[in-house]
Amino acid sequence: MIERIRMHGVSNEAMLKMLETADETVFSAYGEGIPDWQTLITFYENNQEKVKAMIQEGYQISFLTKGALKNLLRLKYCLLEQEDFDDCGDYLEIHQISEKDRQSLKQTIAKNWTIIEQPNSNMVKIELTYKPEDVKTLAKKS
């Protein structure tokens, strides 16, 4: 939700002021919230310092599905599937990413994904940290 607002060029300070107003209609210009904008407002009201830190200093996502990862790449880094990155089944391959965005992605991405950097290249591969077959093998050993 934060990245959806940022995508429209809203500064951190302006976003915090919007949250302080607690007016859900202010956010309607940025599309539908997930699950809704009131959820973000309520979370802010109950966790102001945490949300301020997330907006101003960054955050790490705890878990991402492949679809959510694609949305993150689109919203936060303006990367489009089949143009800037490809879904190769078991992994996503980003054709080119700046060093700044690469570092940001490393800090933000959930631990269930691993970034594999290509030497002497701006390309990166993002794959599941634990593939389904690895999880099945671990479960059998338990």
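The values are calculated or read from the model by the stated rules, or taken from the named source; none is laboratory data. The structure displayed is predicted, hence computed values, not measured ones. Neighbour counts run over all protein chains shown; Cβ positions are idealised from the backbone, glycine included.
Couple of notes before you dig in:
- Of everything listed in (1) modelled with pLDDT under 90; (2) under 21 Å from residue 5 (Cα atoms), the single unmet condition for residue 131 is (2).
- Residue among 75, 80 that is exposed (fewer than 12 other Cβ atoms within 10 Å of the Cβ), among the hydrophobic types (A, V, I, L, M, F, W, C) and in contact with a helix residue (DSSP H, G or I) (Cβ under 7 Å, 6 or more places away or on another chain): 80
- Pair list, Cβ under 7 Å, 6 or more apart: region 15-44 residue surrounded by fewer than 19 Cβ atoms within 10 Å (Cβ to Cβ), other residue aromatic (Phe, Trp, Tyr) and at pLDDT below 95: 24/37; 33/27
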